[in-house]
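For reference, the structure is listed below as structure tokens.
The values are calculated or read from the model by the stated rules, or taken from the named source; none is laboratory data. Please read all numbers here as calculations on a predicted model, not as lab measurements. Positions of Cβ are generated from backbone atoms using ideal geometry, with glycine treated the same way; all protein chains shown enter the neighbour counts. Keep in mind that these areas ignore ligands, DNA and RNA; they rest on the heavy atoms of the full protein, side chains included. Shrake-Rupley method; radii C 1.70, N 1.55, O 1.52, S 1.80 Å.
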Amino acid sequence: MTTHPRGPKEEDPSSTDAAFTALLEDSAEELYESAPCGYLSTLMDGTIAKVNTTLLDWLGLRREQVVGRRRFADLLTVGGKLYHETHFAPLLRMQGEVRGIALEMRTADGGRLPVLVSSVIKFGGTGEPMLIRTTVFDARDRRAYEEELLRRRQEAERARAEAEEARRQAEADRVRLADALAVLQRSLLPDSLPAVPGLRTAVHYHTASPDRLGGDFYDLFPLDGTRWAFFLGDVCGKGPQAASLTSLTRYTLRAAALHDPDPATALTTLNAVLHERYAAGGDPRYCTAVFGVVEPRADGTHATVHLASGGHPPALVLRADGSADYLPTPGGLLIGILPTAPVGTAHTTLGPGETLLLYTDGLTEARTGPGRDDLYGEEALHAFAAGHAPATPQETVTALTALLESFGDGLNDDTALLALGVPTAPTRVAS
């Protein structure tokens, strides 16, 4: 015998009829008493005339304790009763009905039952109010959900407040750190350049990041009554280690110059100190530096300059005739890497209106172009200087400061500028 697959299960008509019959046999009284919500009817003064078993079970009360003995407001908590008297009851009298009002009822054991209450007034044939019918829904699950939402919102608000406080604290810490670093940075550089008879000077220092100590340094100080020593350089690294190296470098060069003012000797002494301090211990650190001695003539006619360089970019001279020339110091190597390092030397004479410029590689290695893929370079710097010559030290530094600002985020390294020059001879007034 062939069997055919059965389709969806069909309901038995007899079982459906039995279910309908059971529903029809439910009495109205049973439906009222066992409803999934609370029902009660009160007189107009609130006296309870009828209440279903569901509500009595929720409250833990017996019917004889309630019917004819209590008013609806008596079943409420103190707060619920106050709201009923001031809002619920007046609205019900004015509108004839109120729906979905959140209240709290008292249970027999002293607990609280959150409920949603809807009431409607039944009127007689002549329009007079006869009684109040009230439906009560258990709102415990809803209250728990609302409390959970409130708790989560409060937690979120606390988290936002804590995050905002952390942000403010971090900003305050950043400002304090920047202030402390600025103070420390200033301690590694002279507060100002001294006045040099027969010479004009200017300086500029750009820090790439306010949150980190820079590694560039410079100084100008007297050797005797006629000669002045100056230096400018760049140590490797950033931060506290660079600051320590900068401090050692500055004080070593000052001490070396006072012992022997020869520029090459000063850099040789620095190389020996750095190599012994760091490289010999397996932690090599180094710097580039240019050291010079300038002797301006008292009559202001010129100034002689002797330079020595250890791996530093060449100095640039802006001449009075409008030209600009590099002052090469070939052969000089980084200071501190080898036990003995060759030092390049050069000398020149500055006439009235001529300026010697020293700079660190933050200037020539600034990134330019639309994609910040190109270096500014020494050729561009030479052309820039030639376009501004002749220029005083202050005019030179001012023009270069504007150039540095034009690089924007392409200037990602510290940059130091130091310019020395002989002032233009004053014009004599005929007597």
- Message: Of everything in the range 343-373, what is without any contact (Cβ under 8 Å) to a residue 24 or more places away in the chain and among the basic types (Lys, Arg)? Give them in sequence order.
- Response: none
- Note on the structure: Flagged in the range 166-194 as open to solvent by 90 Å² or more (accessible area, probe 1.4 Å) and either closer than 25 Å to Leu232 by Cβ or modelled with pLDDT of 75 or more (or both), in numbering order, are Arg167, Arg168, Arg186, Asp191
- Within the range 77-102, track down each residue that is in a strand (DSSP E or B), surrounded by 14 or more Cβ atoms within 10 Å (Cβ to Cβ) and out of contact with any Phe, Trp or Tyr (no Cβ under 8 Å at 6 or more places or on another chain). Ala102
- Query: If you check Thr340, Thr396, which single one turns out to be of a type in the set (Ser, Thr, Tyr), touching a residue at least 60 places away in the same chain (Cβ under 8 Å) and open to solvent by 20 Å² or more (accessible area, probe 1.4 Å)?
  - Reply: Thr340
- Task: Would you please name the residue that is most open to solvent (accessible area, probe 1.4 Å), looking only at residues in the range 109-125 that are under 14 Å from Leu76 (Cβ atoms) and out of contact with any Phe, Trp or Tyr (no Cβ under 9 Å at 6 or more places or on another chain)?
- Result: Arg112
- Item | Which numbered condition Met105 fails, given (1) part of a helix (DSSP H, G or I); (2) surrounded by 16 or more Cβ atoms within 10 Å (Cβ to Cβ); (3) among the aliphatic types (A, V, I, L, M) | (1)
- Report whether or not Gly96 is in contact with a strand residue (DSSP E or B) (Cβ under 9 Å, 6 or more places away or on another chain), free of Cβ contacts under 8 Å to residues at least 24 places away in the same chain and on the phi > 0 side of the Ramachandran plot. no
- Among the residues of the range 400-422, is any part of a loop (DSSP other than H, G, I, E, B) and open to solvent by 80 Å² or more (accessible area, probe 1.4 Å)? yes
- Message: Let me spell it out: the conditions are (1) loosely packed, with under 11 Cβ neighbours inside 10 Å; (2) at pLDDT 85 or above; (3) more than 25 Å from Ala73 (Cβ to Cβ), and Glu128 meets all of them except one. Which number is the exception?
- Response: (3)
- Query: Of all residues in the range 354-380, which are assigned to a loop (DSSP other than H, G, I, E, B) and crowded, with 20+ Cβ neighbours inside 10 Å?
  - Reply: Glu354, Thr360, Ala366, Tyr376
- Message: Being closer than 18 Å to Ser323 by Cα and β-branched (Val, Ile, Thr) is the filter here; which residues of the range 343-389 pass it?
- Response: Thr348, Thr349, Thr355
- Counting only residues that are open to solvent by 30 Å² or more (accessible area, probe 1.4 Å), give me the strands (runs of 3 or more DSSP E) lying completely in the range 242-335 with at least 2 of them. 303-310, 324-327
- Item | Looking only at the range 220-237, and only at residues there that are without any contact (Cβ under 8 Å) to a residue 40 or more places away in the chain and open to solvent by 30 Å² or more (accessible area, probe 1.4 Å), the one that is nearest to Asp283 (Cα to Cα) | Pro222
- Mind listing whichever residues of the range 80-133 are touching a helix residue (DSSP H, G or I) at 6+ places or on another chain (Cβ under 7 Å) and of a type in the set (S, T, N, Q)? Thr107, Ser119
